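Presented below is the structure to which this report refers.
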Amino acid sequence: MALLPILSFPDQRLRTIAKPVEKITAQIRQLVDDMFETMYDAPGIGLAATQVDQHIQLIVMDLSENKDQPMVFINPKITPLTQEKEPYEEGCLSVPQIYDKVSRPTHVKIQYMNLESEIIEVEAEGLLAICIQHEMDHLNGKLFVDYLSPLKRQRAREKVEKVVRQREKVAVKR
Ligand code: K1U
Ligand code: ZN
């Protein structure tokens, strides 16, 4: 297993549109393991392959308190089941230390493939509905700061650049 570097806003690679996974190979299984290790270490509750510079339709997630309910979504598609939207304070491992409210549909249908190549369809609400929409945005090259005002986005960019510079300084000292 390996910790993978996470791309940070405004890295243009985060704007890449992910391609469908054609076959679940040993390489894909290794990437899934590495993405879980990276997500748990960060720590985060979700991670899209885009964030680790792998441009395929793959998402890992674990919303459980004890971090013992890993979920893998391959080639996911989401359909809103309601027009009703609710704001939720989101964070993002690619936009460290920035949190802001984003309004998204509260109920969605998720269709995806699991690691056993089975096609699954579930209805989601709450944090699962929010997180899957946030991660799907990553696969489509979109970030939660794109929903904010240009001023907030610019401030987020400056703060993230500062955080990244600081992290690099600490890494050099080690
Ligand atoms: O996509 C990502 O960068 C992961 C992101 C997922 C997410 C969080 C909140 C709303 C929508 C999507 C994160 O995991 S940010 C970190 C976070 O939320 C968290 C970290 C530790 C404990 C609990 C939550
Ligand atoms: Zn994110």
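Worth a mention:
- Here the 3J(HN,Hα) profile of segment 65-70, calculated from phi with Karplus coefficients 6.51, -1.76 and 1.60 at θ = phi - 60°, is 5, 8, 6, 10, 10, x Hz, Gly and Pro shown as x.
- Rolling a 1.4 angstrom probe over the protein heavy atoms with all chains in place gives segment 24-85 an accessible area of 50 Å² per residue.
- 12 Å cut-off, amide nitrogen to a point 7 angstrom out along L127 Cα→Cβ, residues in segment 16-57: 44-46
- Distance in nm between pseudo-label sites at R174 and H55 (7 Å out along the Cβ direction from Cα): 2.9 nm
- Counting every alpha-carbon pair across the chain, the share separated by more than 25 Å comes to 31%.
- Inter-centroid distance (Cα atoms) of segment 51-82 relative to segment 104-144, Å: 6 Å
- Lys pairs, the chain - Cα-Cα below 19 angstrom, 8 or more residues apart or on other chains: 17
- Cα-based equivalent ellipsoid, segment 102-150: semi-axes from gyration tensor eigenvalues, Å: 24, 14, 6
- Rounded percent of accessible protein surface that carbon and sulfur make up, segment 1-57, 1.4 Å probe: 53 percent
- Label-point gap, in nm, between R155 and K142 - each point 7 angstrom along Cα→Cβ: 2.3 nm
- Cα pair distances exceeding 17 angstrom across segment 47-124, given as percent: 60 percent
- Label-to-label distance for K162 and N114 is 4.5 nm, based on points extended 7 Å past Cα in the beta-carbon direction.
- Share antiparallel - DSSP beta bridges, the chain, percent rounded to 5: 95 percent
The values are calculated or read from the model by the stated rules, or taken from the named source; none is laboratory data. Just so it is clear, the model here is predicted, and its values are computed rather than measured. Methodologically, a virtual Cβ is constructed for each residue, glycine included, from the backbone with ideal geometry; neighbour enumeration extends over all protein chains shown. With ligands, DNA and RNA removed, areas are computed over all heavy atoms of the protein, side chains included. Shrake-Rupley method; radii C 1.70, N 1.55, O 1.52, S 1.80 Å.
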